[in-house]
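Every read-out reported here was derived from the displayed coordinates using simple, explicitly stated rules and does not represent laboratory data. Remember, it's a predicted structure, so these values are computed and weren't measured experimentally. Positions of Cβ are backbone-derived with ideal geometry, glycine not excepted, and every protein chain shown enters the neighbour counts.
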Amino acid sequence: MKKSVLVAYATKYGATAEIAGKIGQVLGNAGLEAEVLPVKQVKSLTSYRAVILGSAVFVGMWRREAVRFLKSNLHLLKDKSVWLFSSGPTGQGDPVELLEGWRYPKALQPVIDDLQPQAIAVFHGNVDVSKLNPLHKWMIGKVAAPVGDFRDWDMITGWAEEIVKTLKV
């Protein structure tokens, strides 16, 4: 039986990688074998019984490499338990409410419908202005997005613990 769980992610400035790392840590602490990798480093899905895929979100879009990973591996992912998460909105309050119900890019709707993931989460992100390139600094300023680390580690941990419950059955 395949025992490993893949936590794959696509990040721009590292915040989504840290969320993926936390999820992997929670799974590992619960006795599950978890491997946390950037999507670009995933060579094969055969040794995984479950996949958790996360992407940073910027202006309503997932990172290109996450979309590519999801679409190119759809036929393999359909035979596994899959969870998806997005990270990105900043500010106070429920991230899905802040995004007016948005959970993933609309262009992925047919893929999501075909995949039928176990759950889809949206987590707050972290905007560290010192890491942003000039274009992103300008864009953040233009839309007056709140700056700072708004990630809710308790929410992320709780979501990962729900995954553990499903996988340990």
- Query: Label-point separation (nm) for Val129 and Val96, each offset 7 Å from Cα along Cα-to-Cβ?
  - Reply: 3.2 nm
- On a 0 to 90 degree scale, rounded to 10, what angle separates helix 15-29 from the longest Cα axis of the chain? 30 degrees
- About the Cα centre, charge dipole magnitude for the chain (Lys/Arg +1, Asp/Glu -1 at Cβ), debye: 680 debye
- Query: Out of the DSSP beta bridges found with both residues in the chain, what percent are antiparallel (nearest 5)?
  - Reply: 15 percent
- Item | Distance between modelled label sites at Ser47 and Lys142, nm, 7 Å Cα→Cβ extension | 4.4 nm
- Item | Local electrostatic count, Asn29, Cβ distance below 14 Å [Lys/Arg +1, Asp/Glu -1] | +1
- If segment 1-86 were replaced by its equivalent ellipsoid, with semi-axes equal to the square roots of 5 times the Cα gyration tensor eigenvalues, what would those be, largest first, whole Å? 20, 16, 9
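List the trypsin sites (Lys or Arg not before Pro) in segment 110-169 that DSSP assigns to loop (not H, G, I, E or B) and whose Cβ has at most 13 other Cβ atoms within 10 Å. Which are they?
Filter output for segment 110-169: Lys168.
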- Would you work out which of Ser87, Val39, Asn29 lies farthest towards the positive end of the dipole of segment 1-122? Charges go on Cβ: Lys and Arg +1, Asp and Glu -1. Val39
- Item | Cα-based radius of gyration of segment 76-169 once divided by 2.2 N^0.38 Å, which approximates compact folds | 1.27
- Item | Whole-Å distance, taken between Cα centres, linking segment 32-46 and segment 74-148 | 20 Å
- Query: Helix 153-167 sits at what angle to the longest principal axis of the chain, using alpha carbons and giving 0 to 90 degrees rounded to 10?
  - Reply: 20 degrees
- Message: Using Stokes-Einstein with the Kirkwood hydrodynamic radius over Cα pairs, what translational diffusion coefficient do you get for the chain at 25 °C and a viscosity of 0.890 mPa s, in µm²/s rounded to a whole number?
- Response: 151 µm²/s
- Diffing segment 112-129: the Karplus 3J(HN,Hα) column from phi (6.51, -1.76, 1.60, θ = phi - 60°), in whole Hz with x for Gly and Pro, holds 4, 4, 6, 6, 6, x, 4, 7, 10, 10, 10, 10, 4, x, 9, 10, 9, 4
